[in-house]
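A.B. asks: Here you go, one structure.
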Amino acid sequence: MTSKLQAVRGMNDLLPVASPRWRGAEQRLQAVLARYGYEEIRLPLVEPTELFARTIGEVTDIVEKEMYTFLDRNGDSLTLRPEGTAGVVRAGIEHGLFQGQLLRLWYQGPMFRHERPQRGRYRQFHQIGAECFGSAEPELDAELIAMTAQFWRDLGLAGLRLELNSLGSREARAAYRERLQMYFRDHYAQLDADSQRRLETNPLRILDSKNPDLAALIAAAPSLPEHLDADSRTHFERLCGLLDGLGVAYTVNPRLVRGLDYYGRTVFEWVTDALGAQGTVCAGGRYDTLVEQLGGRPTPAIGFALGLERLLDLLAAAGIDPSAARSVWYVVSTTGACRARALSLAQQLRSAPDAPTVVMDHAGGNFGKQIQRADKAGADVALILGEDELAAGTVTVRLLRAARPTQETVPPASIQATVNRLTAENCP
C-alpha cells in the first residue's frame with residue numbers, strides 16, 4: 001500500500017489563506033529597510049559546509065547537530081543554509097562589495113535546521129535579516145537597533161522588550177572564558193549533559209542554557225561586563241547613551257551571549273512573553289572580525305535576523321492583520337458570446353495601475369450559483385454580463401457586502417465610479 005505523501009516534518013506549507021498576512025508583514029518590514037538605505041541581496045539556499053563551520057563555530061549546536069549537510073555528485077560537502085550572515089559575507093568578499101564605503105544589505109528567505117519542531121521553531125523557517133559593513137562606531141549600532149524598533153511601530157506591535165549586552169573584544173572574551181571554565185569546573189556535578197559538553201569547547205553558551213535547574217548556578221557565575229576591555233566598555237556606554245537619546249528603551253542583560261561564535265561587542269535581542277518558550281523575535285550583534293576571518297579585508301560589521309514565523313504568531317496574538325485590504329470583483333456571465341465579452345472586460349479592468357483583484361467565474365451555471373461562488377470567494381462586487389447587458393453594451397454592478405441589495409446597470413467606463421459611489425452610500 002502506498003503511503004500518503006506529506007510535507008517533511010517541521011517544513012510547513014504556507015496556504016493561500018495565510019499568504020496575504022505574510023506578504024503584508026514582509027512589505028512593511030521592507031519599506032522600513034528601504035527608508036534606512038538598505039538594499040536587497042538574494043543568496044543561494046546551499047553553501048559549502050566549510051563556510052558555516054568557519055563562521056558559526058564547529059562546536060556550536062548548529063554545526064554539530066542541526067545542519068542539513070550532504071555530499072553532492074562531485075563529492076563536495078554542501079549545506080542548506082542555517083542562517084544568512086555567513087552567506088552575505090561570502091558574497092561580499094567574492095564580488096568585491098567591501099571597498100571602504102558603508103554597505104547596507106538585507107536578505108529574506110528560508111533557513112534550515114534539524115531541530116525538534118515546536119511552535120515558533122521549525123526545520124524550515126523564514127527570516128528577514130540586515131547587515132551593515134564599514135563602521136565600528138556605536139552610532140551605527142544605535143541606528144540599526146532603532147530601525148528594528150521602527151519595525152514594531154510600523155506593524156502596530158507593543159510589548160516587545162530590548163535586551164542588550166556587550167561581549168567585548170576577542171582578548172577580553174578569552175580571559176573571561178578561562179574564568180568561566182574555572183567556575184563551572186568547580187560545580188561540574190551540577191551541570192547537565194549539554195553544559196558539561198560545552199564546558200571545554202564553548203563555556204559562554206552555558207550562560208544561555210534554558211534549563212531551570214541551572215538558573216541559580218548561572219546567576220552566581222562571573223559576570224561578563226566585569227571583564228570587558230576599556231574600549232568595549234566605552235563603546236557600550238556610548239551605545240546606551242545614544243539609545244537613551246533616541247527614546248529606545250532597553251535592559252542590559254549580562255547573560256546575553258547569542259549562539260554564534262562570530263559575535264563580539266554589541267549583542268541584542270527583542271523578546272516577548274506572548275509566544276511561550278520561543279520568545280526571541282529578532283536578534284543580532286556585531287561581528288567585526290568575520291570578513292577578515294573568511295579572507296577579506298578587515299571590515300567591521302553589525303546585523304540582525306528576524307524570524308517571520310514568530311513575528312506572524314505575535315501579530316496574530318495581538319489581533320493585528322498586516323495584509324492590505326484589497327477589493328475583489330467577481331465577473332459573472334452566461335452564454336458563449338457573453339463569456340467572451342466578460343473575459344475581455346476582466347482583462348481590461350485588470351490593466352489599470354490601481355486595479356482591484358478581478359476574478360472571472362469559469363465554472364458556469366446560472367447567475368444564482370455564480371453569485372453564491374462570488375460570495376464564498378469573499379468578493380465585494382459582482383459584475384454581471386448577461387444577454388440584456390451584452391445587447392445594450394452595459395454591465396450590472398452588484399454590491400455583495402451592502403446592508404441591503406444594491407445594484408445598478410452602467411456602461412463599462414463607469415464601473416469604478418459606480419462601485420465607489422454605491423460603496424460610500426451603502427456599506428458601513
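None of the figures in this text is laboratory data; all of them are computed from the coordinates on show. The shown structure was predicted, so the numbers you read here are calculated from the model rather than taken from an experiment. With ideal geometry, Cβ positions are generated from the backbone for all residues, glycine too; neighbour counts draw on all protein chains shown.
A.B. asks: Using 20 Å bins from zero, what percent of all Cα-Cα pairs in the chain falls into each bin?
C.D. replies: Bins of 20 Å from zero give 21, 43, 24, 11, 1 percent of pairs.
A.B. asks: A follow-up question, please. Go ahead and set up a Gaussian network model of the chain, Cα springs under 10 Å, then flag whichever of ILE206, ILE145, ILE415 fluctuates most.
C.D. replies: Judging by the Gaussian network model, the answer is ILE415.
A.B. asks: For the pair GLU171 and ALA216, how long in nm is the line joining their label points, each one 7 Å along Cα→Cβ?
C.D. replies: Label-label distance for GLU171 and ALA216, simple model: 3.9 nm.
A.B. asks: Here is a follow-up. Placing +1 at every Lys and Arg Cβ and -1 at every Asp and Glu Cβ, with all other atoms neutral, what dipole size does the range 304-356 have around its Cα centre, in debye to the nearest 20?
C.D. replies: I would put it at about 380 debye.
A.B. asks: With charges set only on the Cβ (+1 for Lys and Arg, -1 for Asp and Glu), what does the dipole of the range 328-426 come to about its Cα centre, in debye to the nearest 20?
C.D. replies: On the way: 10 positive and 9 negative charges, 48 e Å.
That gives the range 328-426 a dipole magnitude of about 220 debye.
A.B. asks: Could you give the size of the charge dipole of the chain about its Cα centre, using +1 on the Cβ of each K and R and -1 on the Cβ of each D and E, expressed in debye and rounded to the nearest 20?
C.D. replies: Computed about the Cα centre, the dipole is about 1160 debye.
A.B. asks: Taking neighbour counts of Cβ atoms within 10 Å as a proxy for exposure, in what order, fewest first, do CYS282, CYS240 appear?
C.D. replies: By the 10 Å Cβ count, ascending: CYS240, CYS282.
A.B. asks: Please check: in the Gaussian network model of the chain (C-alpha springs, under 10 Å), which one of ALA25, ALA86, ALA363 has the largest mean-square fluctuation.
C.D. replies: Highest fluctuation among the options: ALA363.
A.B. asks: In the range 79-218, how does Rg compare with the Kirkwood Rh, expressed as the Rg/Rh ratio over alpha carbon atoms? Kindly include the intermediate steps, with their values, before the conclusion.
C.D. replies: Details: Rg = 18.9 Å, Rh = 18.7 Å.
Result: Rg/Rh = 1.01.
A.B. asks: Which Cα, out of THR357, THR272, ALA318, lies furthest along the positive dipole direction of the chain (beta carbon charges, K/R +1, D/E -1)?
C.D. replies: THR357
A.B. asks: A further question follows. Sum -39500 (n - 2.57) across every DSSP H segment of at least 4 residues in the chain, then divide by the residue count to get the 222 nm mean residue ellipticity, nearest 500.
C.D. replies: Calculated mean residue ellipticity at 222 nm is -11000 deg cm²/dmol.
A.B. asks: Sort VAL381, VAL252, VAL89, VAL328 so that the residue with the fewest other Cβ atoms within 10 Å of its own Cβ comes first and the one with the most comes last.
C.D. replies: Ordered by Cβ neighbours within 10 Å, fewest first: VAL252, VAL328, VAL381, VAL89.
A.B. asks: Let me test this: with uniform point scatterers at the alpha carbons of the range 217-299, what is the Debye-based log₁₀ I(q)/I(0) at q = 0.12 1/Å?
C.D. replies: Scattering profile of the range 217-299, log10 relative to I(0): -0.47.
A.B. asks: May I ask you to list the trypsin sites (Lys or Arg not before Pro) in the range 380-428 that are in a DSSP loop and have at most 16 other Cβ atoms within 10 Å of their Cβ?
C.D. replies: Values: sites: ARG398, ARG401, ARG421; in loops: ARG401.
For trypsin sites (Lys or Arg not before Pro) across the range 380-428 that sit outside H, G, I, E and B with at most 16 neighbouring Cβ atoms in 10 Å, the list reads ARG401.
A.B. asks: Going by how many other Cβ atoms sit within 10 Å of their own, how do TYR36, TYR250 line up, fewest first? The partial results should precede the final answer.
C.D. replies: Numbers: TYR36 15, TYR250 18.
Exposure proxy ranking, most exposed first: TYR36, TYR250.
A.B. asks: Would you please name the trypsin sites (Lys or Arg not before Pro) within the range 298-348 that are DSSP coil residues with at most 12 other C-beta atoms within 10 Å of their C-beta?
C.D. replies: ARG326
A.B. asks: Run the quick spin-label model on TYR36 and ALA193: label points 7 Å from Cα toward the beta carbon, then report their separation in nm to one decimal.
C.D. replies: Result for the modelled spin labels: 4.1 nm.
A.B. asks: Shifting gears a bit: Straight distance only, please: which lysines reach the Cα of LYS210 with their own Cα at less than 29 Å, same-chain residues fewer than 8 apart left out?
C.D. replies: Of all the lysines, those that pass the test against LYS210 - Cα under 29 Å, at least 8 places apart if same chain - are LYS65.
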